[in-house]
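This report concerns only the one structure given below.
The values are calculated or read from the model by the stated rules, or taken from the named source; none is laboratory data. Worth saying up front: this structure is predicted, and the values here are computed from it rather than measured. Because the Cβ atoms are built from the backbone with ideal geometry, glycine has one as well, and the counts that use them run over all protein chains shown.
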Amino acid sequence: MTTTTAALDHHDHDDAHAHHTSLPIDNRKLAIWTFIGSECLFFATLISTYLVYAGQSVKGPFPTDIFSVGLVTAGTAVLLFSSFFVVMALDGAQKGDRKKMLTWLSLTVLCGVFFAGMQVYEFWHFYHLGLGYSTNLFSASFYTLTGFHGAHVALGTLWLATILKDAIKGRVPPKKALNLEIAALYWHFVDVVWIIIFPVVYLMQMRS
Amino acid sequence: MAGHADAAHSNAGKYIQIAVVLFALTALEVALYEVCYGGLKTMAPGLGASLEPWFVEVLLLLSAFKFWFVAMFYMHLKFDMKLLSWLFLFSLIIAVIVIGALIILFGYNRGLWWPGGKW
Amino acid sequence: MATTVLEPTMTRTAALAKRSVLVDWLTTVDHKKIGIMYGAWAFFFFVIGGVEALIIRAQLARPEATLVSPEFYNQLFTMHGTTMIFLAVMPLSAMFFNFMIPLLIGARDVAFPRLNAMSLWVFVLGGLFLNASFLFGTAPNGGWFGYAPLSGRQYSPGPHMDFWVLGLQILGIASLAAGVNFFTTILNMRARGMTLMRMPMFVWATLITQVLVLLSFPVITVALILLMADRLFGSGFFVTAMGGDPMLWQHLFWVFGHPEVYILILPAFGIISEILPVFSRKPLFGYSAMVFSSAFIAFLGFGVWSHHMFSTGMGPLADSFFSLATMLIAIPTGVKIFNWIGTLWGGSLQFKTPMYFALGFIAMFIMGGLSGVMHSVAPADLQQTDTYFVVAHFHYVLFGGSILALTAGAYYWWPKMFGKMLDEGLGKFHFWTTMIGFNLTFFPMHFAGLLGMPRRVYTYPSGLGFDLYNLMATVGAFFLAFSILVFMWNVIKTWRSSERAPADPWGGATLEWTIPSPPQEWNFDDEPVVTERDAVWGMKRAAGVRMLPEPVAGDGKGIHMPGPSWWPLVVSLGILSFFVGFMFDKPWAFPFGPVTVFGLLLTTFAIFKWAYEAPDAHATNH
């Protein structure tokens, strides 16, 4: 959340007074990459916790009782496609192709909403199968890991939706494409985290 | 931004190709699961049995490819400053060290590692 | 909002001038004011932590004393450790990051000034929140590393550890935001010509410290989230009955905790590496070796955490690995000490107060470092774990190391920060009282520890050989407190004095000495250009002078600086409210209570206002 604000901080003003940067890169882009580096350790710790506790629950329901691969595969595909959509939107933003930007960006936001909705439905479904947050070790580490990923998806969706709102008002000209580029980098990172979570949590369930 | 301006021309085509690859790799992952443990197990029991010992390794390899494609092309690391790649790589190395060390330490304590159990 | 943009800058500047002093400091985004506030708040918390230490020492002065209750004693040592690490040493370093880094790299501010203000306010509110626990008589009581299951709901049922778990999460946000900010600032805001290998050593130390912050704080954040879930939502991450493993807490805590001790000491190394060359009139010996040894220490810092856990029975494989990795760290640290001595060697030494503290640092840190190497030997460590020997060790590196170096930095940079020199005579008196008090307090603890006195005990029986050592330590502690009073007296005396400090009182080598003391809001009238390491010595050499002419304060015409903003403070209040909600909302009954939801909404609202705040440039002067 802090970096969202950082990303929007600074540099909005008059170019004539924008001081030079030591590296050929905008402060905000360097900052979001720094933040992404930091987030690697956040998710690494959550994934470690999940793996260390895999198979350690003293009572069920266990992963094999709960997971169905169908729905989550759909969610995974949607999130992957949204990464593709947002690079297309960025391409449009950088080239000044407003229609292209708006189309793809809207699709990206829709994907974000769909994925978040999928997760809410999934949690609700699991809860009704008897898997509350504190039911066992599996449930707590599963909900914590995927819940925090879901919170990142929600934040990213809100961020992209805000840029979409700006873009509709014509406030994202090519020279401000960086605003979208930074949000897109965050969005891709959320996607690659899911690229790890999906096989490790959902597909390897049988092994634990 | 200027860094990958030259790559801007072929972007859309490349992005679509990568989307197709990502989709195919995900399909492979799910197919692998279905063959080893899911609905396809009964249809191809021999294939499932021969793939099962390598299930985790293959799955991790496939997702590493997906990770690499997204980071390199969608996140522009291939076209951007080298510093950003190093930044990401260094964080990932520390992250992998932490995950690996914890799995080894806890596995060892539970007697899952090291032939002959604890020593 | 549009009207604000169109408003003539003249009016805006006039409006800024009319604001009250309080509003000015609450809304400032100037890195220098933020740095001073970091220093003031950190010193305030340092005094609180010091008073806690004095009560602890008074209780331990003689055997079987009952000055305080055992329950309160637990709160004292927990809060003493937590306060000194998170609310004193880290933010005192942050004071120098904030005030000095832009000056050292020749920049007008940090990369994200408003984010910088937010870091400050989140830290202040988090610190106040932690200490507010005393008002309810429920201060944290589970030790500064909050070992599960002792810190879990079952063994710590009251709100004590909730304060700790939530307070540290709040403080973590401040550190991470500052980490992103200073990493970006140092890499991207350097003056023209200042390549990485021309950066002053303190800048390198800060850069590497931020890498450690960025990669280790997420780990403790997750660990705290898990513990919070155990305490508030009934999960069993660290509850053995549910299959959980308290060892995971220890591992996660120390994966963070060991980099954290380098977060505390690396800035100190940087300050010493600035001071020694200036007072030896000689460039830093082995600059690149210093850079690489810092980087090596930081990298190795991620591979040694389990040396805090030798007594948990990890098995010989893990013990051997972590022993060897820990011993390896002695090499780059030794390189540093060698290079500091090499810097002094053959120099024309000027024994001013900063130099006194810097030399004291080297001696004390070597002693702390040596007992540290003793801990790396796993079999020996089993004897030392949880005794006063460990307490002696980490006070030698944290007080003898970090605090002495930070004090050296305070004397060194005081004229730049406030435009007045601290008194030399009082400074030297401060130094000698500190050295005597410090060694009298902590040296005897080595012996008490080796005799088997466990740390964190409320009291001890007579006749075990601990009595004399404890009495010495208590006398020393009060002597040390007296030395802090000497420092405060010095500060007050300097404050009242009307004597102004010159721009370059020490004959410095770095850019901050080329501008007036204290600097104008915009730091540099013209953006400096750097052509070599020790840039200012180069300028003096090129001009053939010993001292550059006293700089004339410019009028700042045409220089645009970011304007003040309320939103960093509002975001901080939102974050505070979000976390406080978990204390009082009984979230285990209803997951998100009104205070938490309010905090979330306020934070989101303030971030939007922040993001869309009018382009924030205002001319400093017209």
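Taken over segment C:228-243, residues that are touching a Phe, Trp or Tyr at 6+ places or on another chain (Cβ under 7 Å), touching a residue at least 12 places away in the same chain (Cβ under 8 Å) and surrounded by 22 or more Cβ atoms within 10 Å (Cβ to Cβ) amount to 2.
When segment C:219-273 is filtered for residues that are more than 10 Å from every other protein chain (Cβ to nearest Cβ), under 18 Å from residue A:58 (Cα atoms) and part of a helix (DSSP H, G or I), only C:246 remains. Go through (1) under 27 Å from residue A:89 (Cα atoms); (2) more than 7 Å from chain A (Cβ to nearest Cβ); (3) in a helix (DSSP H, G or I) for residue B:76 and report which single condition fails. Failed condition: (3). Every listed requirement among (1) in contact with a Ser or Thr (Cβ under 9 Å, 6 or more places away or on another chain); (2) away from chain B (no Cβ under 14 Å) is met by residue C:300 save one, (2).
Looking at segment A:46-53, can you tell me whether even one residue there is at the interface with chain B (Cβ under 9 Å from one of its Cβ atoms), part of a helix (DSSP H, G or I), touching a helix residue (DSSP H, G or I) at 6+ places or on another chain (Cβ under 9 Å) and surrounded by fewer than 21 Cβ atoms within 10 Å (Cβ to Cβ)? Yes, the conditions are met somewhere in segment A:46-53.
With respect to the conditions (1) over 19 Å from the mean Cα position of the chain (by Cα); (2) small (Gly, Ala, Ser); (3) modelled with pLDDT of 95 or more; (4) farther than 24 Å from residue C:262 by Cα, residue C:117 falls short on a single one, namely (1). Cβ separations smaller than 7 Å between residues 6+ apart or across chains give the following pairs from segment C:537-548 residues that are part of a helix (DSSP H, G or I) to residues that are of a type in the set (S, T, N, Q): C:538/C:531. Of the helices (runs of 4 or more DSSP H) that lie entirely inside segment C:328-433, those containing 3 or more residues that are touching a Gly at 6+ places or on another chain (Cβ under 7 Å) span C:353-376, C:388-397.
Within the set A:83, A:134, A:139, the sole residue that is closer than 24 Å to residue C:226 by Cβ, at the interface with another protein chain (Cβ under 9 Å from one of its Cβ atoms) and in a helix (DSSP H, G or I) turns out to be A:139. Between A:94, A:56, the distinction of being surrounded by 16 or more Cβ atoms within 10 Å (Cβ to Cβ), over 17 Å from residue A:188 (Cβ atoms) and either within 14 Å of chain B (Cβ to nearest Cβ) or not acidic (Asp, Glu) (or both) belongs to A:56 only. Do you know which residues across segment C:364-378 are within 21 Å of the chain's Cα centre (by Cα) and within 21 Å of residue C:434 (Cβ to Cβ)? Matches in segment C:364-378: C:364, C:365, C:366, C:368, C:369.
Between C:172, C:137, the distinction of being within 14 Å of another protein chain (Cβ to nearest Cβ) and either of a type outside the set (Asp, Glu) or out of contact with any Cys (no Cβ under 9 Å at 6 or more places or on another chain) (or both) belongs to C:172 only.
Looking only at residues in segment B:11-43 that are hydroxyl-bearing (Ser, Thr, Tyr) and either under 19 Å from the mean Cα position of the chain (by Cα) or within 7 Å of chain A (Cβ to nearest Cβ) (or both), the one that is surrounded by the most Cβ atoms within 10 Å (Cβ to Cβ) is B:33.
Given the criteria hydroxyl-bearing (Ser, Thr, Tyr) and either touching an Asp or Glu at 6+ places or on another chain (Cβ under 6 Å) or within 14 Å of chain A (Cβ to nearest Cβ) (or both), does residue C:216 qualify? Spelling it out, residue C:216 is indeed hydroxyl-bearing (Ser, Thr, Tyr) and either touching an Asp or Glu at 6+ places or on another chain (Cβ under 6 Å) or within 14 Å of chain A (Cβ to nearest Cβ) (or both). Candidates A:145, A:164, A:158: the one that is within 26 Å of residue C:608 (Cα to Cα), at pLDDT 95 or above and within 10 Å of another protein chain (Cβ to nearest Cβ) is A:158.
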